[in-house]
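Asks: Here it is, the structure in full.
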Amino acid sequence: MQTFFCFFLLFSAVFITGGSPRETPQQALNQYIAFLNQSTDEVASRFQQIQTYYTSTSAYQSHIGNQPNLPSSGLLEEYYYRKAIDGNALTEIENQRLKTSAQALWKLITKIDQTTKALETYNRLKDYERDKFKKSNELISNFQLLTDQFSQDKAEFYKQIQRIYRRYQPYRETDAYLFTEKEMEQILVSQQHLLNTLGYYLNEKNRSNWPVELVQQSIVADEKLLSDFGKAKSAIDYPASDMLNSFKTGLQTIQDVKKQAVDDYTFAARQTSSHGNEVYRSLVNHYNNDLLSWQKNFVQYSKSIKQLLDYPKFSLVFRIDPPALTVQKTTQTEPFRNTLPIVFTTNPAVAPASTATFHSLNAYVEFINESLRQMNHLQTLVRDYQSSADHYRESSGNLHGNALTYSHEAYKVPVSEYQLLLLNSQQIPQSYRISINKQAEVLLGMLIEMDKLSIELIDYTTRKQYEQDHLQRSDAILDRYAYLFTAFDQKKEQLYRDVRRIHESYPVKKPITSWNMSGKALLTVLDTDKEILFGVKDYLRGEATQLPETDTLQAEARELIINEYKNLKGLQRFGRSNGLCPYSPYEDIAEHSLRLAEMTQKTKEPTTASIAHSYETFYYFFNNELVYAYNKFSELANVGVLKVVNQPNVFAFRRSTSPITPPLTPTKVTQPDQNPVDDSKPINKHTTVNPAPLSYSSNPKTNTKTLIQHDTVYVNRATIDTLYINRSARQEATLSLTGFAPNNMVLLLDVSASMDSPYKMPLLKKSIKSLLNVLRPEDQISIVVYSGKARVALKPTSGDKAIEITTLIDQLQSNGDTDGDGGIRLAYKLANKSYIRAGNNRIILATDGEFPVGEDVFNLVGESSTQDISLTVFTFGRNEVNGKNLKKLAQSGKGTYSHITTGNANLQLILEAQAKRAP
């Protein structure tokens with residue numbers, strides 16, 4: 001009877017309240033936050049209108065754009081406002097205070113909306129033709145003040161909500177839900193503090209004092225929050241507990257944005273406000289639509305156990321013009337601070353390295369590899385500049401009206417990686433940590449000096465100082481670069497050796513597991529590969545009279561193949577198209593090591609007829625086919641398989657005159673009684689490694705042999721006699737290749753199952769056949785197809801064999817999976833093999849959508865573009881493909897990005913064949 005009575009009371013309560021349980025105070029408060037979030041979206045939407053309108057007016061006033069356009073903003077959404085103020089779960093006093101604040105905020109939002117609509121009316125009437133945008137500027141200024149006020153009032157409103165929330169839900173640290181809620185709040189507040197130091201500037205043309213140091217500090221602070229977050233997860237029920245992982249991933253994404261923002265804050269980025277604006281918008285977007293969504297889901301999934309509070313979105317703020325900055329005069333670059341590495345002896349550790357220690361050691365290798373990628377990019381830029389400078393010198397200062405120029409927009413100093421490296425190095429014993437951190441600091445100093453030298457060179461060429469000093473300072477900078485590139489190579493090798501010694505001082509937890517056995521076998525072969533590479537380098541430098549013997553390498557590679565199933569026993573074989581299969585890198589290292597041995601045996605000294613230096617092939621092969629595969633295996637392994645370092649192209653930049661190397665005096669010498677060693681040599685795995693400190697000579701060895709550089713990488717010189725036509729202008733094209741350079745075109749074709757569509761494969765075939773109609777005997781076409789595994793479908797074939805090529809094209813069918821990454825690598829091998837001097841060397845990637853692209857492939861594409869091999873991307877499908885990776889590939893490859901339709905299929909490939917005039 002008592003039970004029945006309780007049910008009756010509950011039913012009565014539900015009936016009286018309209019069929020639903022009475023709203024709780026927390027739910028009522030969350031309705032106000034929903035109103036705040038909707039208001040934030042409304043203001044953000046109107047800001048987007050203002051931003052677009054401002055850009056269009058600037059273009060219009062500069063006579064480079066059409067008349068300004070400002071679409072209608074629509075009506076304000078009142079639903080969330082009404083629902084919030086109609087709540088009755090709070091006390092009368094609380095309700096009255098919150099309603100008053102909500103009404104004031106709604107009034108402010110209405111003013112913002114009215115300001116936007118006044119601007120719409122002004123624009124529609126074209127009153128800007130009468131007052132020259134005077135009223136427009138006033139309305140935008142008013143809009144800025146109102147949005148600032150909105151941001152402040154919204155923050156105060158939320159504090160008021162929080163105070164009421166804590167009366168109903170006092171914080172208890174022992175409560176897992178409340179503890180996690182506070183953890184999330186700390187992270188959200190941390191992001192808000194950073195966002196409050198940033199901002200958006202409508203006038204992007206002017207420079208802004210972007211607070212890069214504050215962003216760096218935020219990275220370090222959030223790394224600590226990341227490591228500590230989620231302590232109470234085990235006490236939280238599913239699915240709320242799963243939101244902790246998602247929230248943490250959201251913060252990691254924001255961390256990645258900040259790290260990229262720091263590294264991308266290059267000299268070129270500092271010239272405008274665009275970089276800061278892009279970072280600010282990206283951070284706000286991730287904060288509002290990523291991090292907050294997981295926090296809200298956590299609150300939603302927790303309500304059956306604990307009534308928690310949502311968090312409001314961040315309100316974007318802006319200014320019209322950035323503060324005026326004093327432009328600092330470029331001064332002569334100071335040398336990096338050089339110190340000798342502190343010698344240390346490794347002692348066998350008692351226990352295996354922790355996961356944190358292993359990741360800390362791996363971070364040094366990744367820092368080195370990223371540094372080498374940036375240095376190699378700079379080497380090609382400096383090499384191209386040297387060619388232009390030499391041409392200027394040879395022409396006695398007459399460049400036919402073309403000034404000597406230099407730029408290095410894409411060069412980035414990996415500051416954020418170094419910063420996190422130092423932070424996480426606390427996991428490494430101090431006796432080791434001090435030495436390797438000092439070495440990393442020296443490497444970073446060298447990269448910074450390289451950056452500053454380039455900035456100085458930009459100022460030098462912009463002011464045409466070379467006309468006054470006859471390239472004297474230019475030669476000094478190039479001499480310094482020659483030294484820095486060589487010294488960096490030596491110093492990175494010392495650091496890698498020391499990191500590896502530390503790693504090997506820890507015992508392996510289970511030596512006979514498949515990951516450890518196969519990893520050890522692979523490293524043995526890779527060490528020998530490196531010895532061979534260094535031996536070839538010494539031979540080509542003239543420092544060795546013979547090429548290295550390859551018998552040991554061949555024997556070890558054969559042993560890898562023989563023991564494959566024994567070493568990898570228990571590891572699942574997914575197949576090559578999966579990307580998670582440990583068999584793939586294992587097999588690649590074995591096969592490519594045998595290939596390296598063959599290449600070594602066939603190596604010849606460079607001659608005057610060489611298109612590129614012989615070492616270049618080894619450089620690409622070692623990094624892209626061996627190191628890449630081993631590091632991929634390291635990423636797949638669930639044990640501590642330490643990554644290995646790439647090697648630089650030591651012949652990428654050589655002084656055209658005898659270099660005068662600036663002295664480099666160490667500021668501190670540690671343990672001077674140690675014997676110096678040559679750290680340009682690889683680790684010899686057959687002996688015990690306990691190296692003494694590196695010797696820093698002020699005059700490193702220079703090559704006395706005559707070595708020929710690639711004659712097509714001199715971009716600045718090439719622009720003198722090479723004409724690139726506008727391939728987007730159909731009316732200017734002709735259906736003939738007369739007067740154009742001979743073509744070496746590699747068609748990289750996606751023949752995966754997704755290409756089986758009337759809008760894809762048929763159009764692809766149609767486009768290729770149209771090109772065949774105009775090909776000449778001197779043109780050559782190659783075809784690489786990728787579906788599952790990339791393969792060569794057509795070796796380089798003359799254009800006069802159009803019938804053979806047509807037959808092959810007709811046989812193409814769509815099936816299998818996509819292996820675009822492998823296809824790109826294979827296409828570049830083929831393009832290099834069939835390279836035409838002074839020709840149009842071009843890869844055409846044809847696909848219907850995105851695919852994963854490794855960073856090394858992006859580097860390969862970018863580096864090859866400086867070697868006169870371009871990459872163009874054609875996309876197919878009913879709708880235009882908006883592929884971020886594909887556009888980045890085309891940009892890195894200095895090619896075009898086009899969507900093929902029935903309207904342009906007959907012409908687009910012909911336009912690519914007309915990309916270069918005959919010399």
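The values are calculated or read from the model by the stated rules, or taken from the named source; none is laboratory data. Just so you know, these numbers come straight off a predicted model, no measurement behind them. Cβ coordinates were reconstructed from backbone atoms using ideal geometry, including for glycine residues, and neighbour counts include every protein chain displayed.
Asks: What's the total number of residues in segment 55-82 that are closer than 21 Å to F150 by Cα, modelled with pLDDT of 90 or more and either within 34 Å of the chain's Cα centre (by Cα) or loosely packed, with under 14 Cβ neighbours inside 10 Å (or both)?
Replies: 3
Asks: Here is a further query. Within segment 872-879, is even one residue within 21 Å of S736 (Cα to Cα), more than 28 Å from the chain's Cα centre (by Cα) and of a type in the set (V, I, T)?
Replies: no
Asks: For segment 876-895, check the following and say yes or no: at least one residue is buried (at least 21 other Cβ atoms within 10 Å of the Cβ), part of a strand (DSSP E or B), in contact (Cβ under 8 Å) with a residue 60 or more places away in the chain and not polar (S, T, N, Q).
Replies: no
Asks: Still on this structure: Cβ-Cβ under 6 Å, sequence separation 6+ or interchain: first residue in segment 56-84 and in a loop (DSSP other than H, G, I, E, B), partner of a type in the set (A, V, I, L, M). Which pairs?
Replies: G65/A59
Asks: Same structure, new question: How about segment 378-397: which of its residues are in contact (Cβ under 8 Å) with a residue 40 or more places away in the chain and surrounded by fewer than 18 Cβ atoms within 10 Å (Cβ to Cβ)?
Replies: As a first pass, look at segment 378-397 and keep what is in contact (Cβ under 8 Å) with a residue 40 or more places away in the chain: 378-393, 397.
Hits for segment 378-397 are D390, H391, R393, G397.
Asks: Aromatic (F, W, Y), surrounded by 15 or more Cβ atoms within 10 Å (Cβ to Cβ) and at pLDDT 95 or above: is that true of F133 in this structure? Explain how you work it out, then say what you get.
Replies: Values: aromatic (F, W, Y): yes; surrounded by 15 or more Cβ atoms within 10 Å (Cβ to Cβ): yes; at pLDDT 95 or above: no.
No: the conditions fail for F133.
Asks: Inside segment 786-802, can you point out the residues that are without any contact (Cβ under 8 Å) to a residue 24 or more places away in the chain and at positive phi?
Replies: Of everything in segment 786-802, nothing turns out to be without any contact (Cβ under 8 Å) to a residue 24 or more places away in the chain and at positive phi.
Asks: Give me the pairs, please: first residue somewhere in segment 219-233 and farther than 14 Å from Q192 by Cα, second residue anywhere and assigned to a loop (DSSP other than H, G, I, E, B), beta-carbon distance under 8 Å, and either six or more positions apart or on two chains.
Replies: K233/S241
Asks: Filtering segment 555-576 down to residues that are surrounded by 17 or more Cβ atoms within 10 Å (Cβ to Cβ) and touching a residue at least 40 places away in the same chain (Cβ under 8 Å), which residue is farthest from E616 (Cα to Cα)?
Replies: The extreme case among them is L571.
Asks: Hey, any hits in segment 18-31 for a residue that's at pLDDT below 90 and surrounded by 13 or more Cβ atoms within 10 Å (Cβ to Cβ)?
Replies: yes
Asks: To continue, here is another question. Could you please tell me which pairs satisfy a Cβ distance under 7 Å, a separation of 6+ or placement on different chains, a first residue in segment 86-111 that is closer than 15 Å to I161 by Cα and touching a residue at least 12 places away in the same chain (Cβ under 8 Å), and a second residue that is assigned to a loop (DSSP other than H, G, I, E, B) and β-branched (V, I, T)?
Replies: A89/T24
Asks: Which one of these is outside any helix (DSSP H, G or I) and surrounded by fewer than 21 Cβ atoms within 10 Å (Cβ to Cβ): Q307, Q300?
Replies: After ruling out the rest, the residue left standing is Q307.
Asks: Any idea which residue in segment 212-236 is surrounded by the most Cβ atoms within 10 Å (Cβ to Cβ), counting only those that are more than 18 Å from Y280 (Cβ to Cβ) and hydroxyl-bearing (S, T, Y)? Working first, answer last.
Replies: Within segment 212-236, the first condition is being more than 18 Å from Y280 (Cβ to Cβ), and the residues that meet it are 220-221, 223-236.
Applying the additional criterion that residues be hydroxyl-bearing (S, T, Y) yields 227, 234.
Working: S227: 11, S234: 8.
Ranking the qualifying residues of segment 212-236, first place goes to S227.
Asks: Just one of the numbered conditions (1) assigned to a helix (DSSP H, G or I); (2) surrounded by fewer than 20 Cβ atoms within 10 Å (Cβ to Cβ) is not true of P239; which one?
Replies: (1)
Asks: State which residue is nearest to T272 (Cα to Cα) when the search covers only segment 157-204 and only residues that are basic (K, R) and assigned to a helix (DSSP H, G or I).
Replies: That would be K159.
Asks: Going residue by residue through segment 600-620, is there one that turns out to be at pLDDT below 95, of a type in the set (K, R) and farther than 26 Å from D538 by Cβ?
Replies: no
Asks: Every residue in segment 87-141 that is touching a helix residue (DSSP H, G or I) at 6+ places or on another chain (Cβ under 8 Å) and part of a loop (DSSP other than H, G, I, E, B), please.
Replies: Result: G87, N88, A89, L90, D127, F133.
Asks: I would also like to ask the following. Yes or no: Y32 in a helix (DSSP H, G or I), under 30 Å from I305 (Cα atoms) and not hydrophobic (A, V, I, L, M, F, W, C)?
Replies: Here the answer is yes, as Y32 does meet what is asked.
Asks: Determine, yes or no, whether S798 is of a type in the set (S, T, N, Q), modelled with pLDDT of 85 or more and under 24 Å from A410 (Cβ atoms).
Replies: In short, no.
Asks: With S416, S435 as the choices, which residue is closer than 22 Å to L484 by Cα, part of a helix (DSSP H, G or I) and modelled with pLDDT of 95 or more?
Replies: Selected residue: S435, the only one of S416, S435 that is closer than 22 Å to L484 by Cα, part of a helix (DSSP H, G or I) and modelled with pLDDT of 95 or more.
Asks: Could you grab me the full set of residues in segment 247-269 that are within 20 Å of K231 (Cβ to Cβ), surrounded by fewer than 19 Cβ atoms within 10 Å (Cβ to Cβ) and among the small types (G, A, S)?
Replies: None; the set is empty.
Asks: Moving to a separate point now. Determine whether segment 855-878 contains at least one residue that is at pLDDT below 85 and hydrophobic (A, V, I, L, M, F, W, C).
Replies: no
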